[in-house]
Amino acid sequence: MNVLKLATAGSVDDGKSTLIGRLLYDTESLTKDRLEAVERASRRKGLDFTDLSLLTDGLVAEREQGITIDVAHIYFHTNKRKFILADTPGHIEYTRNMITGASNSELSIILIDARKGVVEQTYRHFFINTLLRVPHIIVCVNKMDLVDYSEEVFYKIASDFQKLANSLSSGGAVHTEGKGGAANITFIPVSALHGDNIANLSEKMPWYIGKPLLEILEEVDTDKDWNSLPARFPVQYVIRRDDKEFPDYRSYAGKVISGTFQVGDRVMVLPNQLESTITEIRLFEDTLNQAFAHDSIAISLADEIDISRGSMIVKSNAIPLINKDLRAKVCWLSENPYRLGTTFILKHASSEVKAKIQEISYKVDIENFGQAVLSVGTRLTSINEFDEPVKINEIKLNDIVKVHIRTAQPIFYDLYAENKANGAFILIDSQTNATVAVGFLE
Amino acid sequence: MSYLKYLESESIHIIREVAGQFKKPALLFSGGKDSITLVRLAQKAFFPAKIPFPLLHIDTGHNFPETIEFRDKLVKDLGLDLVVRYVQDAIDQGKVVEEKGKYASRNYLQTTVLLEAIEELGFDACLGGARRDEEKARAKERIFSVRDEFGQWDAKRQRPELFDLYNGKIQFGENVRVFPISNWTELDVWNYIRQEQIGIPSIYFAHKRQVFERDGLILPFSTFMNIEADEKIFEATVRFRTVGDMTCTAAVPSFADDIDTVIEEISEATISERGARVDDKRSESAMEERKKQGYF
């Protein structure tokens with residue numbers, strides 16, 4: 001059994017809460033007292049049905065206003081897998097919340113109301129998933145019960161969505177450079193309310209030849225890619241001990257964020273660029289021959305090298321980019337807009353460096369796109385990025401801009417398109433300490 | 001990667017971030033299974049060195065004696081530093097007032113004592129064993145949760161948390177609560193305890209105990225409880241799913257006397273873990289209200 005981290009994104013009435021409630025119900029993850037609490041709360045609100053959204057709206061303000069404000073984390077499991085679901089609301093701060101949810105997800109579920117088809121929100125959801133390179137996308141065409149379980153409706157929506165996906169990836173709006181390729185998109189016709197094609201195949205839609213949602217969630221393969229990437233080990237902490245049992249012991253604590261390391265591997269330490277050999281890989285009382293991506297371990301080296309928090313150990317045969325001038329797409333997460341000349345702390349892997357935005361190259365326009373999604377076709381390719389450089393001095397909440405950032409010290413990174421784990425950073429406002437932006441290195 | 005290894009690795013990464021980012025962290029220790037699990041994860045994070053921060057226990061004085069015995073043995077065996085601050089001292093000094101009546105509990109008074117301890121000892125980060133699956137307000141909590149100088153949680157001003165980049169930057173006077181096992185469920189904790197053969201207090205397993213019934217819950221008899229005349233005390237075979245203050249932790253009838261049967265029982269349980277916590281039953285938003293006041 002392993003873990004799948006996934007995100008759901010949706011607007012107000014597309015049935016997202018019902019879908020989540022259904023997944024919890026079908027995996028028997030709802031205890032009696034929680035279900036009863038939701039039933040009680042639904043009655044208090046004067047509803048004649050059990051409003052499963054009350055399960056996930058954890059804050060008083062959310063329940064009072066009937067909206068979801070913040071990302072909620074929901075846990076369920078089957079015999080095959082543990083699921084960690086980030087439920088991201090589709091309100092004012094949608095982009096911020098969606099990016100937060102998608103940043104840690106291997107899979108995204110995008111919901112479409114079968115009666116409405118592909119709408120503005122659909123485009124936004126897909127755009128953000130593409131920007132973050134979420135490798136697996138499941139498009140659930142929901143409320144199939146309200147369109148008589150029509151095969152035609154389903155295929156029309158799937159084809160519209162596919163067109164959107166194709167034009168986005170060919171238009172260069174997001175990442176076209178680099179390896180990794182486009183997301184793997186799966187379409188499923190469902191009725192979350194009635195449980196059609198969720199845990200079991202629906203008898204109402206015999207024409208659907210795919211698998212039910214839960215089975216797909218159980219089977220999506222997520223592990224394999226991380227180990228084949230270049231080996232990266234940001235040092236978080238230096239462990240020392242000196243006594244009879246561990247004389248002059250020193251190791252470097254961290255997590256392998258991508259690739260694998262083996263005892264005997266020739267490695268390079270950054271920023272010094274000095275080489276050494278791995279003599280020990282340890283986790284607690286066990287010494288290991290090899291460590292894989294996502295393993296938290298401690299590494300010891302043959303030579304005494306100055307290593308501290310912020311250093312990175314990499315394999316000598318695959319060195320990352322080392323640079324103080326960075327190009328990145330940045331998404332603004334703060335209510336306070338960017339003010340020209342502000343300095344930031346740029347946090348990447350385990351390092352923190354001072355940084356400033358040298359230049360804003362252009363703005364990615366997802367705000368004004370929505371009006372004409374169905375007829376866009378070619379418009380998609382040109383409207384997302386301004387070809388002509390436009391002078392932009394301000395970055396506001398939810399804006400996505402291409403920037404040139406200059407840092408005080410170099411960072412050791414890979415392109416986000418090639419290695420997500422070593423290609424993203426956050427910007428922290430040095431005055432307020434708030435996390436104001438997330439960046440994807442290009 | 002197996003799911004327990006995945007969770008373990010994520011938690012160790014978070015604990016090391018705390019040691020790397022903060023000057024003076026502490027681990028909030030209650031003697032419950034979640035904070036015991038946290039101690040094991042911290043051990044793993046820094047082995048063969050010792051855990052580089054102390055445990056902080058806010059003692060309500062209404063503990064299960066088994067928990068305190070367990071705590072002291074754990075601290076001794078692992079050579080840890082333990083700091084204890086007492087709710088009783090705050091009551092004696094008139095800083096907080098003991099609740100009265102049938103439902104009197106010191107659970108709420110803990111918050112004041114915790115905030116004072118943080119200020120007195122200058123802790124800038126406190127690691128806690130809270131999990132998002134416990135309660136719906138906790139489901140919205142960040143892994144690094146910034147609190148102002150009054151310890152308040154402001155749900156609307158939470159920092160977005162992207163990838164595994166945790167922002168622990170704070171102003172003077174602020175502190176951060178860090179929850180390394182946010183993504184674990186009750187069952188995950190139990191499976192991990194079994195896998196790692198971690199010792200836990202005996203009250204988690206079925207035992208005979210003097211109890212009484214109130215509002216459909218089975219509560220442990222103790223001299224701290226204000227028991228009404230019509231509440232009859234009887235002996236039953238029970239165990240506890242969570243361990244808090246004796247006045248607000250209800251027992252469940254159970255014959256699960258080893259870890260395998262406990263796990264079997266939880267897998268089939270129809271009542272959630274915090275369903276047996278009187279402190280959460282006060283209102284639908286009891287947890288959120290307490291967190292706003294600085295509860296962990």
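Observations
- Residue list for the stretch A:8-46, filter: in contact with an Asp or Glu (Cβ under 8 Å, 6 or more places away or on another chain) and aliphatic (A, V, I, L, M): A:ILE20, A:ALA37, A:VAL38, A:ALA41
- Criterion violated by B:THR67 - all others in (1) out of contact with any strand residue (DSSP E or B) (no Cβ under 7 Å at 6 or more places or on another chain); (2) within 12 Å of another protein chain (Cβ to nearest Cβ); (3) assigned to a helix (DSSP H, G or I) satisfied: (2)
- In the condition set (1) at pLDDT below 80; (2) more than 12 Å from every other protein chain (Cβ to nearest Cβ), A:LEU6 is compliant with all but (1).
- Near pairs, Cβ below 6 angstrom, 6+ apart or cross-chain, from the stretch A:283-295 (over 15 Å from B:GLU10 (Cβ atoms) and more than 10 Å from chain B (Cβ to nearest Cβ)) to any residue that is surrounded by 13 or more Cβ atoms within 10 Å (Cβ to Cβ) and of a type in the set (D, E, K, R): A:THR287/A:GLU280
- Selection count, the stretch B:5-33, where residues are among the aromatic types (Phe, Trp, Tyr) and more than 9 Å from chain A (Cβ to nearest Cβ): 2
- Residue list for the stretch A:88-109, filter: within 18 Å of A:ALA192 (Cβ to Cβ) and surrounded by fewer than 24 Cβ atoms within 10 Å (Cβ to Cβ): A:GLY90
- Index of the failed condition, B:LYS76 passing every other in (1) of a type in the set (Lys, Arg); (2) under 23 Å from A:ALA298 (Cβ atoms); (3) away from chain A (no Cβ under 14 Å): (2)
- Failed criterion for A:GLY341 (all others in (1) touching a residue at least 24 places away in the same chain (Cβ under 8 Å); (2) at positive phi; (3) not hydroxyl-bearing (Ser, Thr, Tyr) hold): (1)
- Only one of the numbered conditions (1) over 27 Å from A:PHE261 (Cα atoms); (2) touching a residue at least 60 places away in the same chain (Cβ under 8 Å); (3) surrounded by fewer than 19 Cβ atoms within 10 Å (Cβ to Cβ) is not met by A:SER361, and that is (2).
- B:ALA90, sole failed condition from (1) modelled with pLDDT under 95; (2) in contact with a His (Cβ under 6 Å, 6 or more places away or on another chain); (3) hydrophobic (A, V, I, L, M, F, W, C): (2)
- Residue count for the stretch A:425-439 under the criterion of being buried (at least 23 other Cβ atoms within 10 Å of the Cβ) and either of a type outside the set (Val, Ile, Thr) or more than 10 Å from every other protein chain (Cβ to nearest Cβ) (or both): the result is 4.
- Within the stretch A:74-120, being under 17 Å from A:MET1 (Cα atoms) and among the charged types (D, E, K, R) holds for A:LYS80, A:ARG81, A:LYS82, A:GLU106.
- Meets criteria (out of contact with any Gly (no Cβ under 7 Å at 6 or more places or on another chain), more than 13 Å from chain B (Cβ to nearest Cβ), touching a residue at least 24 places away in the same chain (Cβ under 8 Å) and surrounded by fewer than 16 Cβ atoms within 10 Å (Cβ to Cβ)) for A:LEU214: no
- Residues satisfying the stated conditions in the stretch A:408-424, i.e. crowded, with 24+ Cβ neighbours inside 10 Å, polar (S, T, N, Q) and not in a loop (DSSP other than H, G, I, E, B): A:ASN422
- Of everything in the stretch A:31-53 that is more than 21 Å from B:LEU187 (Cα to Cα) and of a type in the set (A, V, I, L, M, F, W, C), the residue that is surrounded by the most Cβ atoms within 10 Å (Cβ to Cβ) is A:LEU52.
- Tally of residues being part of a strand (DSSP E or B), basic (Lys, Arg) and modelled with pLDDT under 95 across the stretch A:323-370: 2
- B:LEU78, sole failed condition from (1) under 16 Å from the mean Cα position of the chain (by Cα); (2) surrounded by fewer than 23 Cβ atoms within 10 Å (Cβ to Cβ): (1)
- Scanning the stretch B:12-62 for residues that are within 16 Å of the chain's Cα centre (by Cα) and of a type in the set (Gly, Ala, Ser) yields B:ALA26, B:SER30, B:GLY31, B:GLY32, B:SER35, B:ALA42, B:GLY61.
- Highlighted here are the strands (runs of 3 or more DSSP E) found entirely within the stretch A:171-287 that include at least 1 residues which are more than 24 Å from A:TYR155 (Cα to Cα), under 20 Å from the mean Cα position of the chain (by Cα) and modelled with pLDDT of 95 or more: A:232-241, A:249-255.
- Qualifying residue in the stretch A:124-136 (condition: at pLDDT below 95 and under 17 Å from A:ASP13 (Cα atoms)): yes
- Residue list for the stretch A:9-30, restricted to those being buried (at least 16 other Cβ atoms within 10 Å of the Cβ) and within 14 Å of another protein chain (Cβ to nearest Cβ): A:SER17, A:ILE20, A:GLY21, A:LEU24, A:TYR25, A:THR27, A:SER29, A:LEU30
- Exactly one residue among A:GLU64, A:GLU36 is part of a helix (DSSP H, G or I), at pLDDT 80 or above and within 12 Å of chain B (Cβ to nearest Cβ), and that residue is A:GLU36.
- Selection of the stretch A:419-442 for residues being within 22 Å of A:VAL235 (Cβ to Cβ) and either at pLDDT below 95 or of a type in the set (S, T, N, Q) (or both) yields A:ASN419, A:LYS420, A:ALA421, A:ASN422.
The values are calculated or read from the model by the stated rules, or taken from the named source; none is laboratory data. Not measured: the values here are computed from a predicted model. Note that each Cβ is placed from the backbone with ideal geometry, even for glycine, and that neighbours are counted across all protein chains shown.
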